[in-house]
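S.K.: I have a structure here, written as structure tokens, and I will follow up with some questions on it.
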């Protein structure tokens, strides 16, 4: 890969547990971190749905409802950087002409919450949202780093709608390699009159090995792009602590208590709250106290 031409380079980054994460003071112990709503918590809940449906920690046996709860938790939380110097590193890259793209597994329905989270993060003389937007893939003559959304990626039958807004692509849990290919097709079709800004080099960074593998397979054997897919594993120990090791039960209890507290407040004060089958009877009792 030749990175001597930074203006032909696109850095594609996952969001959750790669760029940002649920609050967890840098260098702190896992007990001080919020697992609830994060990727490790979601993966744990998915595993319980498949393998331990009687678990007292399972908040719902319905996957669609789990997605609803996850979306709700995203909307209720501000995020923090995984690395304090992250915005400085990206600003230096963009100053050399490197373009930036966030490709998140989050769904279209989380776009407002994600935009608000990025807007709340400081990036020197601007917000993180602005840093990404002004240095991402421009899709029209107006300089917009967005596409009319939601839309069907590559018109693939049966695919879930995706969105590209302000330099962030929301792929709704679909194959990140395929989704990036679709976005690049749109970019190239919109950029036919601007051949000075091609993409030839792609650096992909994600904390999930399966996404790294998907990116590698999607671009394997093609000649158009030089692709380097990197596994970001700095938080493996943090994520694994939720389900492995002597403190796992403590962290799981903490996550359950936090969700139950949120559910109780919604049950008491909202007319149509997002609740779960596992907590419904308990919440009904609590709401009558």
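Read-outs throughout are calculated quantities, based only on the coordinates presented, and are distinct from any laboratory measurement. Keep in mind that what you see is a predicted model, and the values were worked out from it rather than measured. Counting neighbours? That spans all protein chains shown, and the Cβs are built from the backbone with ideal geometry, glycine included.
S.K.: So what is the 222 nm mean residue ellipticity for the chain from helices alone, if each DSSP H run of at least 4 adds -39500 (n - 2.57) and you divide by all residues, rounding to the nearest 500 deg cm²/dmol?
M.R.: -12500 deg cm²/dmol
S.K.: Measure nothing but the geometry: give the 0 to 90° angle between the long axis through the Cα atoms of 176-190 and the longest principal axis through the Cα atoms of the chain, rounded to 10°.
M.R.: Between helix and principal axis, roughly 40 degrees.
S.K.: If I take the Cα coordinates of the stretch 42-195 and project them onto the principal axes, what are the three extents in Å, biggest first?
M.R.: 57, 40, 21
S.K.: A follow-up question, please. Apply 1/(1 + (r/R0)^6) to the Cβ-Cβ distance of residue 237 and residue 88, taking R0 = 30 Å, and write down the FRET efficiency to the nearest 0.05.
M.R.: 0.75
S.K.: Something else now. Across 5 Å bins from 0, what is the distribution of all Cα-Cα pair distances for the chain, in whole percents?
M.R.: Per 5 Å bin, starting at 0, the Cα pair percentages come out as 1, 5, 11, 15, 17, 16, 12, 9, 6, 4, 2, 1, 0, 0.
S.K.: Another question, if that's okay. Give me the distance in nm between label points sitting 7 Å out from Cα along the Cα-to-Cβ direction at residue 134 and residue 62, one decimal.
M.R.: For residue 134 paired with residue 62, the spin-label model returns 4.5 nm.
S.K.: Using only Cα atoms, find the angle between the long axis of helix 111-120 and the longest principal axis of the chain, and express it within 0 to 90 degrees, rounded to the nearest 10.
M.R.: Taking Cα atoms only, the helix is inclined about 80 degrees.
S.K.: When 152, 53 are ordered from fewest to most other Cβ atoms inside 10 Å of their Cβ, what list results?
M.R.: So the residues, fewest neighbours to most, are 53, 152.
S.K.: Helix 277-287 sits at what angle to the longest principal axis of the chain, using alpha carbons and giving 0 to 90 degrees rounded to 10?
M.R.: That works out to roughly 60 degrees.
S.K.: Classify the stretch 93-135 from the C-alpha gyration tensor, please: rounded if a/c falls under 1.5, else prolate or oblate depending on whether a/b exceeds b/c.
M.R.: Note, shape of the stretch 93-135 comes out oblate.
S.K.: Which of the three applies to the stretch 145-216, rounded, prolate or oblate, going by the alpha-carbon gyration tensor with a ≥ b ≥ c and a/c under 1.5 meaning rounded?
M.R.: oblate
S.K.: Binning at 5 angstrom from zero up to the longest distance, how are the C-alpha pair distances of the stretch 1-132 distributed in percent?
M.R.: 2, 9, 17, 19, 17, 14, 9, 6, 4, 2, 1, 0
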